[in-house]
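Asker: Dumping the structure here so I can ask a few things about it.
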Amino acid sequence: MRPSQRSAILEAALRVMNAAEGGDITLDAVAHEAGLTKPGLLYHFSNRDVLLAAIVDHAAANVENDMTATLGKPLENANATERLLSYLHVAAHGAAKRAEFIIWGQATYRPELTEPWTTRMGRWLELPDDLDAATRARLTTARLAADGLWGAQATGVFTLHGADLEAVVSSIRSLIEGTTP
């Protein structure tokens, strides 16, 4: 399968997920949205489980790509602070859509679907072993706050805007950087 065709099908699946507001997506709905027949979709993804695994990986890749663009340099050249700041920016302002957040949440119910998230996001969010306990706690608290912000922004539940959003981002940024807000 051409990579562009695979991406187009997976983007169609994300649009279906957004339209279904997190509801169960069907092969028929994805095929229709992608402009394919169901047998055409099954040619590319042999069954629903294979499609779901590809959707999860695609959603995780989208979030990772947004963080990479925000970081502005190769991941391996970034320290923990820079990686967390990139994650914070994407959580607050990024293109992470509701569907990607819903897929992240749903993957927790199916262990086989958590691997793409843990692999891709682990590179960004895992902290070095040599951090002292206070720094580790501060950075973990900041990451958990950014997780919550992503959830609010992606779901529309208690969404922040304008000065309120910027004040919260500034507060989390201060936690990450170890400065006083």
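Asker: Output the residues belonging to the stretch 9-33 that are under 22 Å from the mean Cα position of the chain (by Cα) and of a type in the set (A, V, I, L, M, F, W, C).
Answerer: Hits for the stretch 9-33 are Ile9, Leu10, Ala12, Ala13, Leu14, Val16, Met17, Ala19, Ala20, Ile25, Val30.
Asker: Please state which of the following conditions Phe158 fails to meet, knowing it meets all the rest: (1) at positive phi; (2) in contact (Cβ under 8 Å) with a residue 24 or more places away in the chain.
Answerer: That leaves (2) as the condition not met.
Asker: If you don't mind, there's one more thing I want to ask. Restricting to the stretch 133-179, name every residue that is β-branched (Val, Ile, Thr), surrounded by 12 or more Cβ atoms within 10 Å (Cβ to Cβ) and part of a loop (DSSP other than H, G, I, E, B).
Answerer: Selection gives Thr159 alone.
Asker: Could you pull out the residue among Ala60, Ala54, Ala95 that is outside any helix (DSSP H, G or I) and at pLDDT below 95?
Answerer: Ala95
Asker: Being touching a helix residue (DSSP H, G or I) at 6+ places or on another chain (Cβ under 6 Å) and closer than 27 Å to Val169 by Cβ is the filter here, so list the residues in the stretch 105-122 that pass it.
Answerer: Residues satisfying the conditions are Ala107, Pro116, Trp117, Arg120.
Asker: A follow-up question, please. Can you name the residue in the stretch 103-112 that is of a type outside the set (D, E, K, R) and loosely packed, with under 15 Cβ neighbours inside 10 Å and is also nearest to Gly178 (Cα to Cα) among such residues?
Answerer: The residue in question is Gly105.
Asker: Then there's this: Look through Glu82, Glu115, Glu64, Glu100 and report the one residue that is open to solvent by 40 Å² or more (accessible area, probe 1.4 Å), out of contact with any strand residue (DSSP E or B) (no Cβ under 6 Å at 6 or more places or on another chain) and closer than 30 Å to His161 by Cβ.
Answerer: Being open to solvent by 40 Å² or more (accessible area, probe 1.4 Å), out of contact with any strand residue (DSSP E or B) (no Cβ under 6 Å at 6 or more places or on another chain) and closer than 30 Å to His161 by Cβ holds for just one of Glu82, Glu115, Glu64, Glu100, which is Glu82.
Asker: Here's something else I'd like to know. Considering every residue within the stretch 100-112, establish whether at least one is assigned to a helix (DSSP H, G or I) and either over 17 Å from Met17 (Cβ atoms) or in contact with a Pro (Cβ under 7 Å, 6 or more places away or on another chain) (or both).
Answerer: yes
Asker: Does Ala69 satisfy the criteria of being surrounded by 18 or more Cβ atoms within 10 Å (Cβ to Cβ) and small (Gly, Ala, Ser)?
Answerer: The answer is no for Ala69.
Asker: Would you confirm whether or not the stretch 70-91 contains a residue that is small (Gly, Ala, Ser) and not in a helix (DSSP H, G or I)?
Answerer: yes
Asker: Right, next: Within the stretch 113-132, which residues are in a helix (DSSP H, G or I) and of a type in the set (Asp, Glu)?
Answerer: Glu115, the sole residue that qualifies.
Asker: Another question about this same structure. Mind listing whichever residues of the stretch 122-132 are surrounded by fewer than 17 Cβ atoms within 10 Å (Cβ to Cβ) and of a type in the set (A, V, I, L, M)?
Answerer: If the condition is that a residue be surrounded by fewer than 17 Cβ atoms within 10 Å (Cβ to Cβ) and of a type in the set (A, V, I, L, M), then Leu127, Leu131 are the ones that fit.
The values are calculated or read from the model by the stated rules, or taken from the named source; none is laboratory data. Given the structure is predicted, the values throughout are model-derived calculations rather than measurements. When we count neighbours, we look across all protein chains shown, and the Cβ atoms used for this are built from the backbone with ideal geometry, even at glycine. Heavy atoms of the whole protein, side chains included, go into the accessibility calculation; ligands, DNA and RNA do not. Shrake-Rupley method; radii C 1.70, N 1.55, O 1.52, S 1.80 Å.
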